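The values are calculated or read from the model by the stated rules, or taken from the named source; none is laboratory data. Just so we're clear, the structure is a prediction, and the values are computed from it rather than from any experiment. Don't worry about glycine lacking a Cβ; one is built from the backbone with ideal geometry, like all the others, and counts go over all protein chains shown. Calculation scope for accessible area: heavy atoms of the full protein, side chains included, ligands and nucleic acids excluded. Shrake-Rupley method; radii C 1.70, N 1.55, O 1.52, S 1.80 Å.
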Amino acid sequence: MKQAIDYAANQGVDWVVLTNGAQCRVYKVIFAKPIDQELVCEFDFLNLDARDDTHLQFLLLLTKEGWAKSAVGEFHQQKQALSRFYVGAALMSDSVLGAIRKELKRVSPDVRIEAEQISTVLEHEVIKREVLESEKYAEAIKAVARAAAKVARNKKEEAPQNVIPISAVPTPQVAVDSPAAAVPPTAAN
């Protein structure tokens with residue numbers, strides 16, 4: 001595996017497929033210092049089931065059509081988005097902590113619960129330490145924060161720009177000869 005990754009890195013190739021004819025492994029080359037790799041998927045050709053969509057997706061990764069459509073890249077993105085690191089980072093985001101707090105308040109309305117307390121419970125009792133202390137978790141936290149900032153920017157841009165404050169809207173004038181003019185507006189209500 002190391003030899004194949006080194007060859008791929010020297011050639012600037014992102015993906016490596018290793019097989020012995022029965023077992024197959026697909027790796028993503030990570031161009032960092034030092035060069036690293038990530039196992040994207042592995043499967044055994046002898047145990048594939050033609051009726052299983054997951055197994056068919058594995059085969060698609062190796063086909064010419066799959067490479068043309070970047071199926072392996074999409075598969076890797078989906079696997080990465082559902083990884084324990086990204087799920088852990090999403091759990092620790094402010095919006096999810098707020099949602100958990102709201103649910104807990106619904107269950108126990110008389111108990112005071114702060115987002116920091118929920119965060120502490122998640123860190124110490126729910127999420128595995130190996131996830132929280134990894135580099136991939138730190139990268140996932142940054143990715144989740146960037147996505148949240150992008151959503152906030154998009155919402156800000158979508159807000160109407162030509163909003164006139166109510167105080168600037170002119171009050172309708174009532175003609176003097178109408179019966180409504182004799183009664184002040186506050187007294188009519």
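Structural remarks
- Computed with a 1.4 Å probe over protein heavy atoms only, the accessible surface of the range 1-57 comes to 69 Å² per residue.
- Exceeding the 19 Å Cα-Cα cut-off - candidates K102/K128; K69/K150; K28/K136; K102/K155; K28/K69: K102/K128; K69/K150; K102/K155
- Where T63, T19 fall by accessible area, highest first, once all protein chains stay in place (1.4 Å): T19, T63
- Computed from point charges on the beta carbon alone (+1 for Lys and Arg, -1 for Asp and Glu), the dipole magnitude for the range 85-126 about its Cα centre is near 220 Debye.
- Across the options Q23, S95, Y7, the greatest Cα extent toward the positive end of the charge dipole of the range 1-96 (unit charges at beta carbon of Lys, Arg, Asp, Glu) belongs to Y7.
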